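Step one of this worksheet: look at the structure below.
What follows is calculated from the coordinates using simple rules that are stated; it is not laboratory data. On a predicted model such as this, the values are computed, not experimentally measured, just so you know. Glycine gets a Cβ as well: all are built from the backbone with ideal geometry, and neighbour counts include every protein chain shown.
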Amino acid sequence: MGIKRDVIDLGFRMFGATGLHRLAARYTQGLGAILMLHRVRPAQPGQFSPNGGLEITPEFLDQLLTRLTRQGYAIVSMDEAVARIRDGGGHEGAPFVALTFDDGYRDTADVALPILEKHGAPFTVFVTTGFADR
């Protein structure tokens, strides 16, 4: 996917390998994150990809969900994320992640859905209205 993706991947690996995620947990316990994703599709090296920065591979999504679960994150629906935020993050201090997929690309259903189902991960799709008419 290019050097940008490699640098981001390296950053995440270093964050986990150095134990910084444990230090950060002290300051984020009970808090959560919303991961805004766009496309999930196999890498296509050498092909024109003007939106390549918005894409992740199926392998990356699978590894991400595995790591989040191993590190104690609850993968929750958007409704649950809103409820937890309103409650001030009270839910036994467990950090959470909600997943969104923007624009309604077909690969969300074809590629991402089987991975999300494997992990029992709820998600929200925001469909661009112009796409629905096509």
task = Report the convex hull volume per residue for region 29-132, counting only C-alpha atoms, in Å³.
result = 110
key: I34, I3 arranged by Cβ crowding within 10 Å, fewest neighbours leading   = I3, I34
message = Through the Karplus equation 6.51 cos²θ - 1.76 cosθ + 1.60, θ set to phi - 60°, convert the phi angles of region 113-124 into ³J(HN,Hα) values in whole Hz; use x for Gly and Pro.
response = 3, x, 6, 4, 5, 4, 8, x, 9, x, 7, 10
ask   = Assuming R0 = 30 Å, what is the FRET efficiency of R86 and T128, from their Cβ-Cβ distance, to the nearest 0.05?
value = 0.60
